[in-house]
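The values are calculated or read from the model by the stated rules, or taken from the named source; none is laboratory data. Just so it is clear, the model here is predicted, and its values are computed rather than measured. Glycine gets a Cβ as well: all are built from the backbone with ideal geometry, and neighbour counts include every protein chain shown. Side chains included, ligands, DNA and RNA excluded: accessible areas come from the protein's heavy atoms. Shrake-Rupley method; radii C 1.70, N 1.55, O 1.52, S 1.80 Å.
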Amino acid sequence: MKKNFTTEMATTKDVADVASLLSWAFGFSKARSHEYIANIGIETLRLMRDEGGRPVVCAGLLQTAHIFHGKAVQAANIVHVAIAPERRGQGIAVPFVDALCDEARSKGAAIATLFASTRPVYRKAGFELAGHEIVYEAATAALPSSSRLAFDRVELDDPRMARAYDAKTRGESGLLARAAAHWNELRRAPTDALAAYLAEGEVAYLILDMGDKTCLAVRDWFAASPEAAQGLLSFLARFRSVYPAVRWHGAPQDDLVAAMPDKGWRLARQEEWLLRVLHPATALSQRGYHVDQAKLALHIGDAALEIEIRQGVAAVREGGDASGPAVRVDPPAFVQLFTGFRSGSKLAQYGLVAGDSADIRRCDQLFAGPPPWVAEHF
């Protein structure tokens with residue numbers, strides 16, 4: 001394969017080949033591959049071709065944002081990178097992902113995020129651990145049943161759920177500002193087993209997948225308060241005669257877990273998503289912060305930045321005295337600092353951050369907040 005290959009947008013003529021790539025890479029059925037392409041849109045797919053013009057690698061590039069301390073950092077999700085089996089191990093993945101990042105940056109994204117099946121490959125492309133995806137499981141018999149919060153069944157595309165999810169993003173860190181593609185995937189088949197429920201006062205909602213009698217799957221949920229979380233769990237307890245267990249995506253400090261008794265739940269699965277900072281100054285200026293007033297000189301590799309926060313709004317100046325006092329951090333460690341995945345003090349303990357102890361503590365304050373996570377696997 002040529003080393004100077006370029007990416008291009010997929011067209012409707014490529015659907016069959018892209019569907020095959022998805023099947024070979026992820027074990028998708030033919031129907032699931034075509035559903036996935038329809039859900040995210042053929043216009044979001046990027047691919048590279050071999051000398052004969054056939055696609056040999058593809059991925060989705062979804063424009064979105066991640067919310068940090070109540071503010072949106074413009075982002076691109078790189079989703080389902082699929083490489084033809086005969087082309088794997090030939091060094092295609094890194095230049096392909098680099099090209100996707102270049103396109104994302106040109107369209108205004110300050111960061112790019114993905115889930116990685118092989119982390120060393122994506123670390124070569126500048127990605128690093130940034131946050132969690134966690135799935136919890138509870139025995140339905142262990143769910144509290146004292147609340148009487150009333151739920152009504154609603155349509156899967158009821159706009160009140162999207163508004164409630166937006167409210168959820170403002171109290172957490174790292175959650176996606178969902179695009180249509182993300183919502184489409186949450187509503188994916190089998191739709192005859194899906195149902196959505198909204199609580200009175202719009203204080204809670206659920207999207208349930210009832211297609212597997214061994215486990216009730218909560219595809220999405222929101223609870224505005226501890227009382228709403230208790231009510232949500234109580235509603236799920238009504239399914240105990242059919243489903244022995246229930247699963248949901250949750251935060252490292254999860255509201256539903258907090259509403260559970262001490263026993264009856266467990267961590268079913270945990271994975272980390274990765275992030276690459278495409279433009280550090282832009283990313284830092286868009287992010288929200290945990291303090292109202294602060295100044296910090298930050299050197300990321302060879303780049304010198306000065307951050308000043310006034311009334312919670314950040315202004316970032318590029319340049320400055322590269323030899324002056326500052327917190328110094330390598331780009332991979334900066335990813336973890338930026339999202340709050342690890343604190344400045346912890347990174348300094350690992351030898352990944354250097355600087356005056358007072359400045360490192362200021363980093364801890366700046367990037368503090370709930371631990372970063374996402375509510376779906378993109």
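Scanning the range 170-205 for residues that are of a type in the set (Ser, Thr, Tyr) and surrounded by 21 or more Cβ atoms within 10 Å (Cβ to Cβ), we see that the one that is farthest from Ala59 (Cα to Cα) is Tyr205. Of Gln63, Gln90, which residue is surrounded by fewer than 21 Cβ atoms within 10 Å (Cβ to Cβ) and either small (Gly, Ala, Ser) or within 30 Å of Ala314 (Cα to Cα) (or both)? Every option except Gln63 fails the conditions. How do the pairs read when you match residues in the range 96-112 that are under 24 Å from Val56 (Cβ atoms) with residues anywhere that are open to solvent by 30 Å² or more (accessible area, probe 1.4 Å) and of a type outside the set (Asp, Glu), using Cβ under 6 Å and keeping only pairs 6 or more apart or on different chains? If the second residue must be open to solvent by 30 Å² or more (accessible area, probe 1.4 Å) and of a type outside the set (Asp, Glu), the pairs left are Ala99/Thr7; Ala112/Arg276. Residues that are under 17 Å from Pro144 (Cβ atoms) and among the basic types (Lys, Arg) were ranked within the range 248-281; the one that is modelled with the lowest pLDDT is Lys263.
May I ask you to list the residues in the range 327-378 that are surrounded by fewer than 16 Cβ atoms within 10 Å (Cβ to Cβ) and on the phi > 0 side of the Ramachandran plot? Gly351, the sole residue that qualifies.
Being open to solvent by less than 20 Å² (accessible area, probe 1.4 Å), in contact with a His (Cβ under 6 Å, 6 or more places away or on another chain) and outside any helix (DSSP H, G or I) is not true of Ala82.
Suppose we keep only residues that are more than 23 Å from Thr113 (Cβ to Cβ) and among the basic types (Lys, Arg) within the range 154-195. Which one would you say is nearest to the chain's Cα centre (by Cα)? Result: Arg163.
Selection within the range 14-36: residues that are of a type outside the set (Gly, Ala, Ser) and open to solvent by 60 Å² or more (accessible area, probe 1.4 Å). The member of this set that is farthest from Arg46 (Cα to Cα) is Lys30.
Every residue, every condition in (1) aliphatic (A, V, I, L, M); (2) in a helix (DSSP H, G or I), yes or no:
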residue	(1), (2)
Gln63	no, no
Val73	yes, no
Asp98	no, yes
Ala104	yes, yes
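Among the residues making up the range 143-167, those that are in a helix (DSSP H, G or I) and surrounded by fewer than 18 Cβ atoms within 10 Å (Cβ to Cβ) are Pro159, Arg160, Ala162, Arg163, Asp166, Ala167. The condition of being in contact (Cβ under 8 Å) with a residue 24 or more places away in the chain, within 18 Å of Ala72 (Cα to Cα) and small (Gly, Ala, Ser) does not hold for Ala297.
Scanning the range 97-126 for residues that are surrounded by 20 or more Cβ atoms within 10 Å (Cβ to Cβ) and in contact with a Cys (Cβ under 9 Å, 6 or more places away or on another chain) yields Ala109, Ala112, Ala125. Checking Gly312, Gly319, Gly355 one by one, the residue that is within 27 Å of the chain's Cα centre (by Cα) and of a type outside the set (Phe, Trp, Tyr) is Gly312 and no other.
Taking the condition in contact with a strand residue (DSSP E or B) (Cβ under 6 Å, 6 or more places away or on another chain), open to solvent by less than 10 Å² (accessible area, probe 1.4 Å), hydrophobic (A, V, I, L, M, F, W, C) and over 26 Å from Ala177 (Cα atoms), does Ala75 pass? It is false that Ala75 is in contact with a strand residue (DSSP E or B) (Cβ under 6 Å, 6 or more places away or on another chain), open to solvent by less than 10 Å² (accessible area, probe 1.4 Å), hydrophobic (A, V, I, L, M, F, W, C) and over 26 Å from Ala177 (Cα atoms).
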